[in-house]
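Every number here is computed from the coordinates shown, using simple stated rules; none is lab data. No experiment lies behind these values; they were computed from the predicted model shown. Note that we place each Cβ from the backbone using ideal geometry, even for glycine, and neighbour counts take in every protein chain shown.
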Ligand SMILES: Nc1ncnc2c1ncn2[C@@H]1O[C@H](COP(=O)(O)OP(=O)(O)O)[C@@H](O)[C@H]1O
Ligand SMILES: [Mg+2]
């Protein structure tokens, strides 16, 4: 299983290395949003004195991850429509290796994009006060978040009938941070929007990351965030495996 | 015909499969002896791919059994996968990788010792040596198909499925692929190929089965099929009937009933 997974991950990493522009393309829109909020809208948004670059970074990272997992769906769709998924399904190899290779590839490419975005954040005035432990915790939360969204992306990748359809699931994901505390405090939002913003998963993940970056205790928020990630991720994992077994 | 002592390479009995209320296979039965080239002939939508997918463990039958090299596809898919190799209806090559990398990938996954040497040998056998280090995206349709078939040969599986190996290829590429398949015959590999082209079945296969309306309506060697040609028409036919005429005649009689 490990050997098959690493062989297949090697194949996908070659694909990415041969078109490294996708890693940059993924980051362009989130970085544009980052710049727009930081330098255009930022002055009008009252965050209670916090450094606005620090304030924005968690949401921008989540948008980056949501854009990036769309490419995992596209890669799986491409493999499936070309018959590669079927070919691998008739070979004497580990069943789960095929999907895990896509998931690991997603983790690696997300790590590269995240480093790029954090680098730009530093240039824009990101000043974290996180301890090593806080950084590790933030890394852990981001990794689990990526893992959950990647397993979600496997489902449309396997079932979509068109390229556009495979990537479409990511649009609402990319939009979700705008209806959270990622860009502005939820207190400024009207009733129902505020209720939604305060109770959707992105807010708890954003608040957790914000606290960790600023070296504040994350409190209960981290447990709410982890519960959301585990719930959504676990459900998507089970559904993805089921879809795969039905297809292959 | 296989000797009674050894199990046939492929043994399909009473296979049924529906998609919703579309009953595609209504009891398909045939067997293929070891080393035989067997053509499953049928028009578009006849259920050829469905049959191949069941035999290659991708799809579960609703009823009936399929044994590959003596292993049941439902009960022992792992053993079946070790014995078979599928070349699907569309060339399943990774276009970002080179021809060589595609072959080495399959060799690694099949745990074949010396992936590089295996790839070099197959590239030469399939006339792809010059293109070995180019990305498969730059290959012509015929070259992709040849690479695809070469990938199926890695590790010398006993049974190879070729699902419509020449559909969508230009006539020249089709002849290239035919030459390739004929070359395989001598190696003792069992081949089940599907085709919509009567001429293709005639060219390549030892035995031909016609899949129509969910069942096998005829099964035999070319000369056996020719004797099934209705005698009523023999009166004005001095030349040998072509397979096309046999096919139309058999379908015509079935549908008249
Ligand atoms: N996964 C599927 N879901 C629903 N219908 C299917 C599916 N696969 C095949 N069919 C239907 O089954 C019939 C036979 O298809 P197929 O086996 O692909 O035929 P062939 O390969 O002979 O052209 C067609 O009518 C096709 O639409
Ligand atoms: Mg078909």
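When each of the peptides A:34-42, A:173-181 is scored by how many other beta carbons lie within 10 Å of its residues on average, the order from highest to lowest is A:173-181, A:34-42.
Contact order for the stretch A:166-215, expressed relative to its length and based on alpha carbon pairs under 8 Å spaced 6+ residues apart, stands at 33 percent. Centre-to-centre, using Cα atoms only, the stretch B:1-70 and the stretch A:17-82 are separated by 49 Å.
Averaged over the residues of peptide B:190-198, the number of Cβ atoms from other protein chains lying within 10 Å of each residue's Cβ is 0. Out of the DSSP beta bridges found with both residues in the protein assembly as shown, what percent are antiparallel (nearest 5)? Percent antiparallel among DSSP bridges in the protein assembly as shown is about 55. Counting Cβ atoms of other protein chains within 10 Å of each residue's Cβ and taking the mean over peptide B:73-79 gives 1. Relative contact order for the stretch A:2-247: 27 percent, from Cα pairs under 8 Å spaced at least 6 residues apart, divided by residue count.
When each of the peptides B:191-200, A:231-240, A:129-138 is scored by the mean number of other C-beta atoms lying within 10 Å of its residues, the order from highest to lowest reads B:191-200, A:231-240, A:129-138.
Once you have a ≥ b ≥ c as the square roots of the Cα gyration tensor eigenvalues for the stretch A:106-191, tell me rounded if a/c is under 1.5, and otherwise prolate or oblate according to whether a/b is larger than b/c. Verdict is oblate for the stretch A:106-191. Peptide B:80-87 is shielded by partner chain Cβ atoms: per residue, an average of 3 of them sit within 10 Å of its Cβ.
With Cα atoms defining each centre, the stretch A:89-103 and the stretch B:83-107 are spaced 15 Å apart in the structure. Result for chain A in a Gaussian network model with C-alpha springs under 10 Å: among A:53, A:161, A:146, the largest mean-square fluctuation is at A:161. Each of the peptides B:90-99, A:80-89, A:220-229 was scored by the mean count of other Cβ atoms within 10 Å over its residues; in descending order, highest first, they stand as B:90-99, A:80-89, A:220-229. Adding -39500 (n - 2.57) for every DSSP H run of four residues or longer, then dividing by how many residues chain B holds, sets the calculated 222 nm ellipticity at -10500 deg cm²/dmol.
Give the angle, between 0 and 90 degrees and rounded to the nearest 10, that separates the Cα long axis of helix A:221-247 from the longest principal axis of the Cα atoms of chain A. For A:221-247 against chain A, the angle is about 20 degrees. Look at the alpha carbon pairs under 8 Å that are at least 6 residues apart: their mean separation over the length of chain B gives a relative contact order of 24 percent.
Given a cut-off of 42 Å, what percent of all Cα-Cα pairs of the protein assembly as shown lie beyond it? Everything past 42 Å amounts to 33 percent.
Distance between the C-alpha centres of the stretch A:136-209 and the stretch A:216-244: 11 Å, rounded to the whole angstrom.
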